[in-house]
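Worksheet for the structure shown next.
The values are calculated or read from the model by the stated rules, or taken from the named source; none is laboratory data. A quick note: this is a predicted structure, and the numbers were derived from the prediction, not measured. Cβ atoms come from the backbone with ideal geometry, glycine included; neighbour counts cover every protein chain shown.
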Amino acid sequence: MKQRVGLARALAADTDVILMDEAFSALDPLIRADMQDQLLDLQKNLSKTIVFITHDLDEALKIGSEISILKDGQVVQTGMPADILANPADDYVKRFVKGRQVHA
């Protein structure tokens, strides 16, 4: 419930960019999936730019239209999820994305 309230507050501020740092990390899997879907619907309807920070690659692949992979605080690759999976920039990214798929 707190995450829904937080999401509503962020949207009510009517800013051009919304920053979400590990917003769904403490949620159980069912609620987390529901919140991800709600976020995608809201983003589609409101056309807001959302910077979503997560350590969960599957979550990033599901909700990100563009993602960045960091190593030791440095960006090693940025791009569309399908492009990163198909063309990892280096061995680190290749190992990081191994076996992953873009979610529909």
Taking the residues in the range 16-33 that are under 16 Å from Ala60 (Cα atoms) and over 14 Å from the mean Cα position of the chain (by Cα) as candidates, determine which candidate is surrounded by the fewest Cβ atoms within 10 Å (Cβ to Cβ). Pro29
Residue in the range 48-63 that is in a helix (DSSP H, G or I), at pLDDT 90 or above and more than 25 Å from Val17 (Cβ to Cβ) present: no
Matching entry among Lys48, Lys62 (being surrounded by 13 or more Cβ atoms within 10 Å (Cβ to Cβ), touching a strand residue (DSSP E or B) at 6+ places or on another chain (Cβ under 6 Å), within 24 Å of Leu27 (Cβ to Cβ) and not hydrophobic (A, V, I, L, M, F, W, C)): Lys48
Starting from the range 48-77, keep only residues that are touching a residue at least 40 places away in the same chain (Cβ under 8 Å), then list their pairs with residues that are among the aliphatic types (A, V, I, L, M) whose Cβ atoms are within a distance under 6 Å, requiring at least 6 positions of separation or different chains. Leu61/Val102
Filtering the range 64-104 down to residues that are in a strand (DSSP E or B) and among the polar types (S, T, N, Q), which residue is nearest to Asp34 (Cα to Cα)? Ser68
Test each condition in (1) exposed (fewer than 11 other Cβ atoms within 10 Å of the Cβ); (2) at pLDDT 90 or above; (3) aliphatic (A, V, I, L, M) for Ile84 and report the one that comes out false. (1)
Selection from the range 1-47 of residues that are of a type in the set (Lys, Arg) and either at pLDDT 80 or above or in a loop (DSSP other than H, G, I, E, B) (or both): Arg32, Lys44
(1) surrounded by 12 or more Cβ atoms within 10 Å (Cβ to Cβ); (2) closer than 18 Å to Arg95 by Cβ: which one isn't true of Val75, the others all being true? (1)
For the range 87-104, which residues satisfy the criterion of being crowded, with 16+ Cβ neighbours inside 10 Å and either in contact (Cβ under 8 Å) with a residue 60 or more places away in the chain or under 23 Å from Ala23 (Cβ atoms) (or both)? Phe96, Val97
